[in-house]
1. Quick check on my filter: what residues within the range 52-70 are in contact (Cβ under 8 Å) with a residue 40 or more places away in the chain and over 30 Å from S14 (Cα atoms)?
2. Closer than 21 Å to N129 by Cβ and among the basic types (K, R) - does that describe any residue in the range 24-47?
3. Applying the selection to the range 45-68, what residues are of a type outside the set (G, A, S), out of contact with any strand residue (DSSP E or B) (no Cβ under 6 Å at 6 or more places or on another chain) and under 21 Å from G30 (Cβ atoms)?
4. Which residues, taken from the range 1-25, are of a type in the set (S, T, Y), part of a strand (DSSP E or B) and in contact with a Gly (Cβ under 9 Å, 6 or more places away or on another chain)?
5. I'd like to check something: does the range 68-86 contain any residue that is at pLDDT 95 or above, touching an Asp or Glu at 6+ places or on another chain (Cβ under 9 Å) and charged (D, E, K, R)?
Amino acid sequence: MPDDGLVSLRSVHSAQETIARVVADLEAKGVTIFAKIDHAAGAAAAGLILRPTTLLIFGGARAGTPLMQADQRAGIDLPLKALVWEDADSTVWLTYNEPASIARRHALGPQIEPVVHAMSAMLAAVARNGTEAGPGTP
């Protein structure tokens, strides 16, 4: 399979719980939540059916600006996004764009690697915290 830059993690939680956990973790880290788009609600409003599918858009200037300073077109991929969705088997997933793939897409170069590495580590931790069972979590 080609490297599409997407990372998908299976969640042990419901879609709503996964969203709540991700949002809480991002907010605890001081990351701004810019939008929460409920695609299933939009589909329902149009008379269509869509399994739970919610897009979270989040970020911060300290992390994103260096990427755009290297190439302003990186702004097309920022702020960061994560999609919480339920498949046909009722399995909940969290999918996000790996920041390193954004850097590759825009050929940002080695000078941006420390920032991209920090973004990737933060996003991976948030994804794990949002999808895995933790202490005291069923």
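1. Residues satisfying the conditions are P66, L67, A70.
2. Yes, that holds for at least one residue.
3. Matches in the range 45-68: R62, T65, P66, L67, M68.
4. The one that is of a type in the set (S, T, Y), part of a strand (DSSP E or B) and in contact with a Gly (Cβ under 9 Å, 6 or more places away or on another chain): S11.
5. Start the filter on the range 68-86 by keeping residues that are at pLDDT 95 or above, which leaves 68-86.
So of that shortlist, the ones also touching an Asp or Glu at 6+ places or on another chain (Cβ under 9 Å) come out as none.
Checked against the condition, which is being at pLDDT 95 or above, touching an Asp or Glu at 6+ places or on another chain (Cβ under 9 Å) and charged (D, E, K, R), the range 68-86 yields no hits at all.
Rundown of residues vs (1) modelled with pLDDT of 95 or more; (2) small (G, A, S); (3) within 16 Å of A103 (Cα to Cα), yes/no style:
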| position | (1), (2), (3) |
| --- | --- |
| V12 | yes, no, no |
| E17 | yes, no, no |
| A24 | yes, yes, no |
| A45 | yes, yes, no |
| G59 | yes, yes, yes |
| P66 | yes, no, yes |
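Yes or no, residue by residue, for (1) within 14 Å of the chain's Cα centre (by Cα); (2) charged (D, E, K, R); (3) under 15 Å from V12 (Cβ atoms):
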residue	(1), (2), (3)
R73	no, yes, no
D89	no, yes, yes
I102	yes, no, no
M122	yes, no, no
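The values are calculated or read from the model by the stated rules, or taken from the named source; none is laboratory data. Nothing here was measured: the structure is a model prediction, and the numbers come from that model. Glycine gets a Cβ as well: all are built from the backbone with ideal geometry, and neighbour counts include every protein chain shown.
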